[in-house]
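The values are calculated or read from the model by the stated rules, or taken from the named source; none is laboratory data. Keep in mind the model is a prediction, meaning the values are calculated, not measured. Please note: Cβ atoms are built from the backbone with ideal geometry, for glycine as well, and neighbour counts cover all protein chains shown. For the accessible areas, the whole protein counts, side chains as well, though only heavy atoms, and no ligand, DNA or RNA atoms are used. Shrake-Rupley method; radii C 1.70, N 1.55, O 1.52, S 1.80 Å.
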Amino acid sequence: MLANVVLDELDWELDRRGHRFARYADDCNILVKSKRAGERVMASVTRFVSDSLRLTVNPLKSAVDRPMNRKFLGFTVSRNGAKLKVADKALDKLKNRVRELTRRTRGTTFAVVVAELRETLLGWKAYFGITEVLSPLRDIDKWVRRKLRCYLWKQWGRAGYRELRKRGVSVREAWNVSKSAHGPWRVSQTPALSIALPLRFFEQMGLPSLAPR
């Protein structure tokens, strides 16, 4: 709120100069047609902020660059600049939150884990749902389901073989997976786990998808 009060004058100045810009609090992007124009505008705006507003522009966070190399409020644009895309840092932050919720050492039931994930994913989707590049979201959806298969596999423990058979996995597949020397993360990607815990299983549990199907 304080940033909006102080930087209101910056908005007026940029508008007076005819610049195309977007600002939220103290984060501002100004769009120009060339690197040379960008360097000129950055120098003049920095002077205005310093001389007129008595503020300092952070040189470590400011740059003249292509839109695809910058992020704004968690978004960036695709390589050709035509489509809105979720920034990598925002995706990494979401994945860290999912890792935190699916830690086996939490001692939480699977239903509670899914409920917590649902709340996180729906909130994230409500904000980033306007993105136009969907492939990263599809990758996250697959990764989240794999994390949950891994969580359940570890939770099943010695009952893994019985749980797989109960969910339609063949005797041979269930035996091979249950006796596998590979760790839970590797096992979570096997066909047996995909058969036992398919997409519809997670849908029935209430797990939302980030990317539309």
Any chance you could count how many residues in region 11-33 are under 16 Å from Val64 (Cβ atoms) and over 30 Å from the mean Cα position of the chain (by Cα)? 2
Looking at region 182-202, can you tell me whether even one residue there is in contact with an Asp or Glu (Cβ under 6 Å, 6 or more places away or on another chain) and closer than 23 Å to Ala87 by Cβ? no
Condition test on Arg165, is it assigned to a helix (DSSP H, G or I), touching a helix residue (DSSP H, G or I) at 6+ places or on another chain (Cβ under 8 Å), charged (D, E, K, R) and buried (at least 20 other Cβ atoms within 10 Å of the Cβ)? no
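Answer yes or no as to whether Leu55 is part of a loop (DSSP other than H, G, I, E, B), open to solvent by 70 Å² or more (accessible area, probe 1.4 Å) and over 30 Å from Asp141 (Cβ atoms). Quick ask: steps written out before the conclusion?
Values: part of a loop (DSSP other than H, G, I, E, B): yes; open to solvent by 70 Å² or more (accessible area, probe 1.4 Å): no; over 30 Å from Asp141 (Cβ atoms): yes.
Answer is no for this residue.
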What about Trp175, is it in contact (Cβ under 8 Å) with a residue 24 or more places away in the chain and aromatic (Phe, Trp, Tyr)? no
For region 28-51, give me the residue count where each residue is open to solvent by less than 70 Å² (accessible area, probe 1.4 Å) and closer than 18 Å to Leu7 by Cα. 12
Within region 97-152, count every residue that is open to solvent by 40 Å² or more (accessible area, probe 1.4 Å), in a helix (DSSP H, G or I), of a type outside the set (Gly, Ala, Ser) and farther than 21 Å from Gly183 by Cβ. 10
Cβ-Cβ below 8 Å, separation at least six or inter-chain, first residue in region 158-169 and without any contact (Cβ under 8 Å) to a residue 12 or more places away in the chain, second in a helix (DSSP H, G or I) and open to solvent by less than 100 Å² (accessible area, probe 1.4 Å): which pairs? Arg165/Val171; Arg165/Ala174
Name the pairs: first residue in region 82-111 and under 26 Å from Trp153 (Cβ atoms), second residue in a helix (DSSP H, G or I) and open to solvent by 60 Å² or more (accessible area, probe 1.4 Å), Cβ to Cβ under 6 Å, at least 6 apart or on different chains? Arg104/Lys154
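Kindly indicate whether any position in region 182-191 is assigned to a helix (DSSP H, G or I) and closer than 21 Å to Leu137 by Cα. First the steps, then the outcome.
Of the residues in region 182-191, the ones assigned to a helix (DSSP H, G or I) are 184-187, 191.
Subsequent filtering for residues that are closer than 21 Å to Leu137 by Cα retains 185.
Checking region 182-191: at least one residue is assigned to a helix (DSSP H, G or I) and closer than 21 Å to Leu137 by Cα.
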